[in-house]
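> Sharing a structure, written as structure tokens. Questions coming.
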Amino acid sequence: MKPAPFDYTRPRHLAELLGTLVDGDVLLAGGQSLLPELNERKRSPRRLVDINGIGGLQRLDVRPDTVVLGALTRHQTLADSPEVRAAVPVLSCAAARVGHAAVRTRGTLGGSIANADPAAELPGIGVLLGASAQLRSPDSSRTVGVGELLHPRAIGEQEVIVAIELPRMTGRDGWGFREVSRPGAYAFPLVTVAATLRLAVDGTVSALRAAVTGAAPVPYALGDAAGELIGRRPDQEWFGVVADLLVGRADPVTDLYASAAYRRRLIRHLTHGVLADALQRAREAMS
Ligand SMILES: Cc1cc2nc3c(=O)[nH]c(=O)nc-3n(C[C@H](O)[C@H](O)[C@H](O)COP(=O)(O)OP(=O)(O)OC[C@H]3O[C@@H](n4cnc5c(N)ncnc54)[C@H](O)[C@@H]3O)c2cc1C
């Protein structure tokens, strides 16, 4: 099928974009989720507003404590950029796992967050690290946690994600990212688990983050539950407690591809793997 007819405009800078937006406009970024929806006529907007000509949405600023990425940063840039890899390696690793090369070349960070697929890798990393998003509309601007944007209608009709700010990881942060996808399918994974972990000099855990996608309507993190895991030795029993907490927060569905029970088993399996990866990296960083 082909899309229903639509008008098209391509502003050259942010002020022009904000000056042109009206209710009902749909932003076009990488088009990797939107264009299939147009082709299948799941959406028939009156006008597409192509944001690819706006240079300011492609920034990549590595600051002392944070990294600011323009909404148009492509998945492949996140995977390949030496600056991003050094500052937020878990993000680079996750970006390299998105779809296939063509999807990564066109697809954008802002588009992935706006699209808010429950299993998507990059929103999950935003939730893991407590990233925030900067949004602009013709008459307002706001900064909110990425996790808050992943709920239905969280982004206003005329709002544009301009940039994403993530905390910069330190050289002492070990990290892990693993996912399970359907074999041979260049599609969203079934479940992903990501973690970052830091060790104290006595070998106990001094900081821990973990997050899951594909097992609830929106990605979720360990959050405050991580507190009870700090100050303990990261042995197999400890891995099991982390996995129990993450499985306990899951609310998976059964669909054509996997049962809810299988998704829960994946969380447990992947959690052990990412914690082992994170622990190894944290130990290497200390030695
Ligand atoms: C074959 C295939 C496999 C894929 N596999 C994966 C996968 O494994 N993992 C994964 O995470 N994704 C996957 N994707 C989706 C891909 O990552 C998309 O790139 C992403 O979901 C949307 O980004 P985009 O830039 O293409 O956005 P678009 O498709 O252009 O837009 C998507 C939606 O976001 C809105 N939007 C875009 N940018 C902004 C902005 N700055 N502010 C506000 N709203 C905005 C648009 O209006 C639209 O509603 C796959 C896609 C395909 C076609």
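> Could you rank the peptides 29-41, 207-219 by their average count of other C-beta atoms within 10 Å per residue, with the highest value first? Walk me through the intermediate numbers first.
Values: 29-41: 16.8, 207-219: 23.1.
Result, highest mean first: 207-219, 29-41.
> Go through the stretch 267-281 residue by residue and turn each phi into a ³J(HN,Hα) via Karplus (6.51, -1.76, 1.60, θ = phi - 60°); whole Hz please, and just put x for glycine and proline.
Calculated HN-Hα couplings, in order: 4, 4, 4, 5, 4, 4, x, 5, 5, 4, 4, 5, 5, 4, 5 Hz.
> Where Lys and Arg each count +1 and Asp and Glu each count -1, what net charge lies around R198 among other residues with Cβ under 12 Å from its Cβ?
Net of charged neighbours comes to +3.
> Oh, and also: Evaluate the charge dipole of the chain about its Cα centre and quote only its size in Debye, nearest 20, assuming +1 on the Cβ of each Lys and Arg and -1 on the Cβ of each Asp and Glu. Can you show the working numbers first?
Working: 33 positive and 30 negative charges, 113 e Å.
It works out to roughly 540 debye.
> OK, next. Apply the Karplus parameterisation 6.51 cos²θ - 1.76 cosθ + 1.60, with θ equal to phi minus 60°, to every residue of the stretch 80-88 and state each ³J(HN,Hα) to the nearest whole Hz, in sequence, with x for glycine and proline.
Working through the residues one at a time gives 9, 4, x, 5, 5, 4, 6, 8, 9 Hz.
> Same structure, new question: State the percentage of accessible surface on the chain attributable to carbon and sulfur atoms; use a 1.4 Å probe and exclude ligands, DNA and RNA.
Values: 6660 of 13280 Å².
The computed percentage sits at 50.
> Now for a different question. So, in Å, what gap is there between the alpha-carbon centers of the stretch 178-242 and the stretch 1-71?
33
> Can I ask one more? May I ask you to give the average projected area over all directions of the convex hull of the Cα atoms of the stretch 25-78, in nm² rounded to one decimal?
4.6
> Evaluate the distance, in nm, between pseudo-label points positioned 7 Å from the Cα of A96 and of A216 along their respective Cα→Cβ axes.
Using points 7 Å along Cα→Cβ, the separation is 2.8 nm.
> Related question: What is the log10 of I(q)/I(0) for the chain, computed with the Debye formula using one identical point scatterer on each Cα and no solvent, at q = 0.10 Å⁻¹?
-0.54
> How long are the semi-axes of the equivalent ellipsoid of the stretch 224-280, taking √(5λ) for every eigenvalue λ of the Cα gyration tensor, in whole Å from largest down? Mind showing how you got there, number by number?
On the way: eigenvalues 117, 32, 11 Å².
Output for the stretch 224-280: semi-axes of 24, 13, 7 Å.
> Oh, and also: Give the peptides 155-167, 241-253, 78-90 in descending order of average Cβ contacts within 10 Å, highest first.
Numbers: 155-167: 20.9, 241-253: 17.1, 78-90: 18.7.
Output ranking for 155-167, 241-253, 78-90: 155-167, 78-90, 241-253.
> With every protein chain kept in place and ligands, DNA and RNA left out, what is the accessible area per residue of the stretch 54-205? Probe 1.4 Å, answer in Å². Walk me through the numbers before you get to the answer.
On the way: 6080 Å² over 152 residues.
Ligands and nucleic acids excluded, the figure is 40 Å² per residue.
> Step through the residues of the stretch 238-249 one at a time and calculate ³J(HN,Hα) from phi using the Karplus curve (6.51 cos²θ - 1.76 cosθ + 1.60, θ = phi - 60°), rounding each to whole Hz and writing x for Gly and Pro.
Couplings: 5, 3, x, 5, 4, 4, 4, 5, 5, 5, x, 8 Hz.
> Over every pair of different alpha-carbon atoms in the stretch 7-50, take the mean of 1/r and invert it; report that Kirkwood radius in Å. Each step should come with its number before you reach the end.
Numbers: mean 1/r = 0.0913 Å⁻¹.
About 11.0 Å, per the Kirkwood formula over Cα pairs.
> Quick one: give the max-minus-min coordinate of the C-alpha atoms of the stretch 55-167 along each principal axis, largest first, in Å.
For the stretch 55-167, the Cα extents along the three principal axes come out at 36, 30, 27 Å.
The values are calculated or read from the model by the stated rules, or taken from the named source; none is laboratory data. Only a predicted model underlies this, so the values are computations on that prediction, with no experimental measurement involved. Virtual Cβ from ideal backbone geometry, glycine too; neighbours counted across all protein chains shown. Note: areas computed on protein heavy atoms with side chains; ligands, DNA, RNA excluded. Shrake-Rupley method; radii C 1.70, N 1.55, O 1.52, S 1.80 Å.
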